[in-house]
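Let me begin by presenting the structure, written as structure tokens, before commenting on it.
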Amino acid sequence: MKKYVFGVDVGGTAIKLGFFTVEGELLEKWEIPTRTQNNSENVLPDIAEAIENKLKEKGIDKEEVSGVGFGVPGPVTKEGIIQMNANLGWRNKHVAKELGELTGLPCKGGNDVKTAGLGEMWKGGAAEYDNAVFITLGTGVAAAIIVEGKVILGAMGAAGEIGHIKVNMEETNACGCGGIGCAEQYASGPGLVRMAKKKLEESDKASVLRDEEITAKTVFDAYKAGDELATEVVEAFGHYLGYSLAATAAVVDPEAFIIGGGVSKAGDFLIDNIQKKYVDKAFTQCKKTPIKLATLGNSAGIYGAAKMVL
Ligand SMILES: [Zn+2]
């Protein structure tokens with residue numbers, strides 16, 4: 001009888017690990033550093049060792065463990081193969097198989113955003129829905145599209161790349177993907193900073209941002225203090241994300257949008273702003289779709305990774 005499962009979220013600087021019951025109760029959560037030197041050759045052995053130690057510490061036999069799920073940035077095939085991960089230096093790496101051999105446990109893996117979406121669907125903000133779109137707003141904009149309880153991967157694993165929906169045909173700067181006018185160029189942390197700097201350059205409007213280092217946080221703080229220029233920036237953020245969400249709604253018609261990721265920590269005012277802008281642009285039948293904050297924070301990834309195995 002399997003009683004436990006591990007969920008692992010592999011980030012660029014830290015690896016989060018979660019030890020769960022199969023019912024989804026998080027018993028313990030901890031972190032180890034991501035040792036990226038020599039093409040991250042230590043990462044999988046480090047994870048295996050952390051799991052081994054945890055089982056020893058708890059006096060639990062491997063027979064009682066369902067397996068290990070993991071999430072990593074970038075595309076991951078259904079078989080758990082990473083074709084190319086620039087941050088970790090992995091190429092054609094069969095992560096699920098290698099980690100399985102190291103741990104002696106069944107392993108399954110997926111893209112970190114899709115894994116986090118699965119976590120929110122299991123125990124978080126999307127738990128009451130069969131059809132939802134989980135969006136992370138951070139250094140980029142990406143989504144997990146959940147249709148009838150399943151996270152959609154797509155033919156290339158690129159389903160949910162809603163940060164690269166074109167939302168501004170007048171843009172002249174290129175996005176990281178090579179396209180021009182992508183939602184991510186406005187509705188991410190770097191996008192917010194870019195827009196604020198541009199506005200400061202183009203106008204001579206007074207703003208507290210003129211005397212500060214421009215970060216997503218200082219822009220949001222200035223907005224909350226009623227700064228006019230910061231307000232324009234935050235409105236533009238909602239405006240462009242609104243287009244992307246409206247386009248997404250027209251394709252999958254979700255019951256709700258669930259917003260997570262570092263930028264979402266700004267709070268409820270951001271959600272209100274996005275909701276207003278979304279309503280302007282959405283197809284009539286989709287205007288009432290609620291937009292809500294995710295609830296698992298940075299644990300969404302380990303929850304989803306664990307669920308993937310179950
Ligand atoms: Zn793009």
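None of the figures in this text is laboratory data; all of them are computed from the coordinates on show. What you see is a predicted model; the values in this text were computed from it and never measured. Backbone-built Cβ (ideal geometry, glycine too); neighbour counts: all protein chains shown.
Just a few scattered comments:
- Modelled FRET efficiency - R0 41 Å, T295 with K205, Cβ distances, 0.05 increments: 0.65
- Value of relative contact order over the chain, rounded to a whole percent, pairs C-alpha under 8 Å and six or more apart: 22
- With a Förster radius of 41 Å applied to the beta-carbon distance between R35 and E255, the computed FRET efficiency rounds to 0.50.
- Normalised by the number of residues in segment 110-261, the mean separation of alpha-carbon contacts (under 8 Å, six or more apart) gives a relative contact order of 26 percent.
- Theoretical gain in end-to-end length, E49 to E213 [0.36 nm per residue, Cα-Cα removed]: 54.9 nm
- Beta bridges from DSSP with both residues in segment 48-114: antiparallel share about 45 percent, rounded to the nearest 5.
- If both residues of a DSSP beta bridge must be in segment 131-260, then about 65% of such bridges are antiparallel.
- Beta bridges per DSSP with both ends in the chain, % antiparallel, nearest 5: 60
- Each part gets one Cα centre, and for segment 260-283 versus segment 12-91 those centres are 32 Å apart.
- Eligible aspartates and glutamates near K58 by straight Cα distance, threshold 15 Å, same-chain separation 8 or greater: E28, E49
- Taken over segment 214-310, lysine pairs spaced eight or more positions apart, or on distinct chains, with alpha carbons under 24 Å apart number 20.
- Here the contact order of segment 25-122, divided by its residue count and restricted to Cα pairs under 8 Å and six or more residues apart, works out to 29 percent.
- Net charge of the neighbourhood of G181, taken over other residues with C-beta under 12 Å away and scored Lys/Arg +1, Asp/Glu -1, is -2.
- Listed by number, the DSSP H helices of the chain that run 18 Å or longer by alpha-carbon position along their axis and have mean Kyte hydropathy of at least 0.0 are 228-252.
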